[in-house]
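Some notes on the structure that comes next.
The values are calculated or read from the model by the stated rules, or taken from the named source; none is laboratory data. Because the structure is predicted, anything quoted here is derived from the model rather than measured. For neighbour counting, all protein chains shown are included, and Cβ atoms are generated from backbone atoms with ideal geometry for every residue, glycine included. Note: accessible area is taken over every heavy atom of the protein model, side chains too, but ligands, DNA and RNA are not part of it. Shrake-Rupley method; radii C 1.70, N 1.55, O 1.52, S 1.80 Å.
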Amino acid sequence: MPSPCDPADAPVGDVGAALMIVDSRIKALHSSQRGSDPEQQQLIEQYAASLGPAEVTALLDGMCTLIYMYLQWLRQACEDHDEDVIEYSVAALVSTMRMMPKTFPPEVIPTMAGLLVAAATELSPNLWRAQYGAWTDAEINPLEATAVLAAEQINRMTGDHEFATRLITEALTTSENL
């Protein structure tokens, strides 16, 4: 029986914009400066403010697509080492969320954990989340941060600060050539 959360039925969203934001956050993490670059932060805020409702939805769907793609890569990497992705990756990501209460208020952690588990078990995170209603304002920044944490986990595993970005860029390039 097909799942109502089948990734084939999920909107992909604006993966390019989502990747731009995630990549910017990762670069800020690895820059020699403390915190994010104020100019870069201002550009992202201006971009976000320019979005209409349809573009915001596409950006949220794009973030969910990134989370799905990152968790599929992590699932495969875990399987290659006889590890369980939920035990190894999802648990570590949720533990990190709990250490970041300003970014992840306690009430949003179950939702972000659910998104990660959905993606790790090959379900669409955005369709999984849609079952519970519209996104709340309190979930928007944690969604972005969840994508960043997943990407950074991949980067740490590979020892390459740009691997997760290249992973998505290559997937997008391949899909455009199909």
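Which one of Ala28, Ala147, Ala120 has the biggest mean-square fluctuation once the chain is modelled by GNM with Cα springs under 10 Å?
Ala28
Grab the DSSP H runs of the chain that are 4 residues or longer, score each as -39,500 (n - 2.57), total them, divide by all residues and round the 222 nm result to the nearest 500 deg cm²/dmol. Walk me through the numbers before you get to the answer.
On the way: 8 runs with 118 residues, N = 178.
Rounded to the nearest 500, it is -21500 deg cm²/dmol.
Mind checking segment 1-81 for trypsin sites (Lys or Arg not before Pro) that DSSP puts in a loop (not H, G, I, E or B) and that have at most 14 other Cβ atoms within 10 Å? Please list the in-between numbers first.
On the way: sites: Arg25, Lys27, Arg34, Arg75; in loops: Arg34.
Sites meeting the loop and neighbour criteria: Arg34.
Counting only the backbone N, which residues of segment 71-104 are under 16 Å from the spot 7 Å out from the Cα of Thr174 toward its beta-carbon?
71-77
For a Förster distance of 35 Å, can you work out the FRET efficiency between the beta-carbons of Glu45 and Glu87, rounded to the nearest 0.05? All intermediate terms of the calculation are to be shown ahead of the outcome.
Working: r = 37 Å, r/R0 = 1.06.
Rounded to the nearest 0.05, the efficiency is 0.40.
Select from Ala151, Ala118, Ala91 the residue whose mean-square fluctuation is largest in a Gaussian network model of the chain (Cα-Cα springs shorter than 10 Å).
Its mean-square fluctuation being the largest, the pick is Ala91.
Leaving out ligands, DNA and RNA, and with a 1.4 Å probe, what % of the accessible surface on segment 1-143 is carbon or sulfur? Each step should come with its number before you reach the end.
Numbers: 4460 of 7970 Å².
Roughly 56 percent, rounded to a whole number.
How much area per residue is accessible in segment 20-178 when the probe is 1.4 Å and only protein heavy atoms are counted (Å²)? Numbers along the way, then the final one.
Numbers: 8700 Å² over 159 residues.
Result: 55 Å² of accessible area for each residue.
Using a 1.4 Å probe and ignoring any ligands, DNA or RNA, find the accessible area of Ile140 and quote it in Å² to the nearest 10.
Taking all protein chains as shown, Ile140 has close to 60 Å².
I want to verify a result. In a Gaussian network model of the chain, Cα cutoff 10 Å, which of these has the top mean-square fluctuation: Gly16, Gly114, Gly159?
Maximum fluctuation in the GNM of the chain, among the listed residues, is at Gly159.
Tell me the relative contact order for segment 51-178 as a rounded percent, counting alpha carbon contacts under 8 Å between residues six or more apart. Numbers along the way, then the final one.
Working: 101 pairs, mean separation 40.1, N = 128.
With pairs under 8 Å counted, the relative contact order is 31 percent.
Quick one: net charge around Cys5, please, counting Lys, Arg +1 and Asp, Glu -1 for every other residue with C-beta under 15 Å from its C-beta. Please list the in-between numbers first.
Working: positive: Arg129; negative: Asp6, Asp9, Asp61, Glu122.
Net charge around Cys5: -3.
Taking the Cα centre of each part, how many Å lie between segment 130-178 and segment 79-110?
A separation of 14 Å, based on Cα centres.
Based on Cα positions only, what radius of gyration and what Dmax would you give for the chain, in angstroms?
According to the Cα coordinates of the chain, Rg and Dmax are 15.6, 51 Å.
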